[in-house]
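A short write-up of the structure that comes next.
The values are calculated or read from the model by the stated rules, or taken from the named source; none is laboratory data. Note that this is a predicted model, so its numbers are computed, not measured. Glycine also receives a Cβ, built like all others from the backbone with ideal geometry; neighbour counts cover every protein chain displayed. With ligands, DNA and RNA removed, areas are computed over all heavy atoms of the protein, side chains included. Shrake-Rupley method; radii C 1.70, N 1.55, O 1.52, S 1.80 Å.
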Amino acid sequence: MRRILVHSTGNAKGQQRARDKRLAKAREDLDKLQHSAGGRYYNTAEKIAARIGVITKTRRVSGCLHTEITTDDSGRPALSWHFDEDVLQAEAAVDGWYALLTTLAPEQADPSEVLRRHKGQGAVERRYGDFKGPLAVTPIFVQENSASPH
């Protein structure tokens with residue numbers, strides 16, 4: 001088994017956009033929670049922690065999110081949070097990289113040949129789809145635009 005590492009600028013841009021979107025949504029949720037901490041619905045540290053758990057799971061930010069829940073003298077909880085920039089930079093550093101696994105020996109195919117074969121796989125799959133034919137639906141042809149026949 002051979003592994004060839006490939007970098008794709010298109011994949012890198014897509015992963016960066018997805019991360020930015022994910023962080024923006026998490027930031028919005030966490031800001032709402034921070035403002036409502038100690039209020040009617042999030043009046044205990046446990047409720048805030050439970051909501052943070054939901055946010056980290058749904059927004060997939062558990063690796064880079066750091067939170068701290070404190071309480072004042074009256075027992076009212078408060079939330080502070082931030083994203084770890086070192087973790088975000090480490091994630092950005094691997095954007096666009098993926099591995100191709102092949103059983104072809106180096107004598108059979110160099111890395112560029114393996115990549116060329118991988119890129120050609122889409123054409124093979126399209127040809128198979130063309131051979132198999134379009135979706136099995138019955139076409140409907142409209143003869144007239146009016147709702148009632150003449």
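Overview of results
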read-out	value
Of the criteria (1) charged (D, E, K, R); (2) modelled with pLDDT under 95; (3) open to solvent by 80 Å² or more (accessible area, probe 1.4 Å), which one residue 72 fails	(3)
Residue 29 more than 30 Å from residue 116 (Cα to Cα), of a type outside the set (Ser, Thr, Tyr) and in a loop (DSSP other than H, G, I, E, B)	no
Test result for residue 109, in contact with a Lys or Arg (Cβ under 8 Å, 6 or more places away or on another chain) and buried (at least 16 other Cβ atoms within 10 Å of the Cβ)	yes
Checklist (1) in a helix (DSSP H, G or I); (2) at pLDDT below 95 applied to residue 55, failing item	(2)
Among (1) under 20 Å from residue 98 (Cα atoms); (2) touching a residue at least 40 places away in the same chain (Cβ under 8 Å); (3) in a helix (DSSP H, G or I); (4) not hydrophobic (A, V, I, L, M, F, W, C), the one test that residue 34 misses	(1)
Verdict on residue 144 being more than 16 Å from residue 3 (Cα to Cα) and at pLDDT below 95	yes
Positions within the stretch 39-61 being touching a Gly at 6+ places or on another chain (Cβ under 9 Å) and either under 17 Å from residue 17 (Cα atoms) or open to solvent by 90 Å² or more (accessible area, probe 1.4 Å) (or both), in sequence order	none
Residues of the stretch 64-97 satisfying the condition of being assigned to a helix (DSSP H, G or I) and either small (Gly, Ala, Ser) or touching a Pro at 6+ places or on another chain (Cβ under 8 Å) (or both)	90, 92, 93
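Okay, residues lined up against (1) free of Cβ contacts under 8 Å to residues at least 40 places away in the same chain; (2) within 24 Å of the chain's Cα centre (by Cα); (3) at positive phi:
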{"position": "47", "(1), (2), (3)": "yes, no, no"}
{"position": "62", "(1), (2), (3)": "yes, yes, no"}
{"position": "65", "(1), (2), (3)": "yes, yes, no"}
{"position": "95", "(1), (2), (3)": "no, yes, no"}
